[in-house]
Amino acid sequence: MTAVALLLILEGLSPFISPSKLKKTLAQLLQYSDQNLRIIGLACIVVGVLLLFISAN
């Protein structure tokens, strides 16, 4: 539950602080190919797992 709560807080910061910049960023994401988005997603997953592993030890 704590992880979900932190995720919601972090995800909510961008639209709360700067909605117009978020819209521009999302419009730019539409220009990326599916392959590039998958690579970015995979990189985020790997970094997240590594950080979780490091923090658990």
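Laboratory data are not the source of any read-out in this text; all were calculated from the coordinates shown. Keep in mind that what you see is a predicted model, and the values were worked out from it rather than measured. Positions of Cβ are backbone-derived with ideal geometry, glycine not excepted, and every protein chain shown enters the neighbour counts.
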| query | In nanometres, what is the gap between the two model label sites at Glu11 and Ile54, each 7 Å from Cα along Cα-to-Cβ? | reply | 2.5
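Where does the chain land on Rg/Rh, using Cα atoms and the Kirkwood Rh?
Values: Rg = 14.3 Å, Rh = 13.5 Å.
Rounded to two decimals, Rg over Rh is 1.06.
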| said: Mean Kyte-Doolittle hydropathy of 0.0 or higher plus an axial Cα length of 20 Å or more: which whole DSSP H helices in the chain meet both? | reply: 2-17, 34-56
